[in-house]
Amino acid sequence: MSEITDPEFLPVMESFYTIQGEGFYSGTPAYFVRLGGCDVGCVWCDVKESWDASQFEWFSVKQIVSEAKESGAKVVVVTGGEPLMYDLSKLTEEFSRSNLQVNIETSGAYPLTGRWDWICFSPKKFKEPLGEFYAHSHELKVIAYNKSDFKWAALHGDKMNPNAELFLQPEWSKEKEMTPLIVDFVKRNPKWKISLQTHKYMDIP
């Protein structure tokens with residue numbers, strides 16, 4: 001069996017029940033499934049340890065979903081790494097059968113697989129996203145690391161479907177520098193909103 005192409009098994013770096021700290025669902029209790037593996041290569045990534053999938057154990061979809069159900073969560077967030085490096089169709093089927101809302105956070109660098117209740121699309125400069133995400137995503141979340149990111153965010157925002165929520169979020173190490181600039185940008189561009197990593201401010205793991 002070639003695990004990386006078998007949708008019944010996925011490499012899980014970690015899974016845990018916590019509070020979603022970012023974006024549209026900020027403040028919502030959620031069970032996170034962080035898949036290992038990423039080749040997008042964000043220089044400011046705060047989970048670089050997730051990049052090498054070979055470090056992590058592969059779990060069956062049924063086991064992943066069973067543990068999520070046992071947590072008592074109503075919302076599940078699949079993240080990474082870059083989760084769409086894998087075929088997630090079986091995973092979302094199993095979550096749907098379990099009556100759990102299933103959200104994904106992705107850079108959009110790989111084709112969309114699975115059926116999702118909420119897609120948070122967070123494109124990165126380091127690997128070009130695919131066009132399908134502008135039409136299908138519910139949320140655009142752009143990380144602001146330097147001043148050039150505002151123009152880049154606006155270009156992506158203009159491509160999004162009209163129902164999408166648009167968020168700008170300061171990169172954590174540049175939070176004090178970037179937040180006032182984000183406030184100014186959002187005031188000038190009111191279709192955008194501000195996302196903060198509230199779990200870091202509140203020290204929620």
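The values are calculated or read from the model by the stated rules, or taken from the named source; none is laboratory data. The model shown is predicted, which means the values in this text are computed figures rather than measured ones. Cβ: placed from backbone, ideal geometry, glycine included. Neighbour counts: every protein chain shown.
Computed values, structure above
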| read-out | value |
| --- | --- |
| Failed item, numbered, when Asn99 is tested on (1) buried (at least 20 other Cβ atoms within 10 Å of the Cβ); (2) assigned to a loop (DSSP other than H, G, I, E, B); (3) of a type in the set (S, T, N, Q) | (1) |
| Looking only at segment 140-198, and only at residues there that are among the β-branched types (Val, Ile, Thr) and crowded, with 20+ Cβ neighbours inside 10 Å, the one that is nearest to Cys42 (Cα to Cα) | Ile143 |
| Count of segment 40-96 residues which are in a helix (DSSP H, G or I), within 15 Å of Phe16 (Cα to Cα) and of a type in the set (A, V, I, L, M) | 3 |
| Cross-chain or 6+ apart pairs with Cβ under 7 Å, segment 143-154 first and over 17 Å from Cys120 (Cβ atoms) and in a loop (DSSP other than H, G, I, E, B), then modelled with pLDDT of 95 or more and of a type outside the set (Lys, Arg) | Lys147/Leu181 |
| Some residue of segment 126-139 being among the hydroxyl-bearing types (Ser, Thr, Tyr), in contact with an Asp or Glu (Cβ under 8 Å, 6 or more places away or on another chain) and at pLDDT 95 or above | no |
| Selection count, segment 30-73, where residues are closer than 25 Å to Asp149 by Cβ and free of Cβ contacts under 8 Å to residues at least 40 places away in the same chain | 6 |
| In segment 14-55, residue surrounded by the most Cβ atoms within 10 Å (Cβ to Cβ) [restricted to those that are at pLDDT 95 or above and of a type in the set (A, V, I, L, M, F, W, C)] | Leu35 |
| Residue match in segment 85-99 (condition: among the charged types (D, E, K, R) and in contact with a strand residue (DSSP E or B) (Cβ under 8 Å, 6 or more places away or on another chain)) | no |
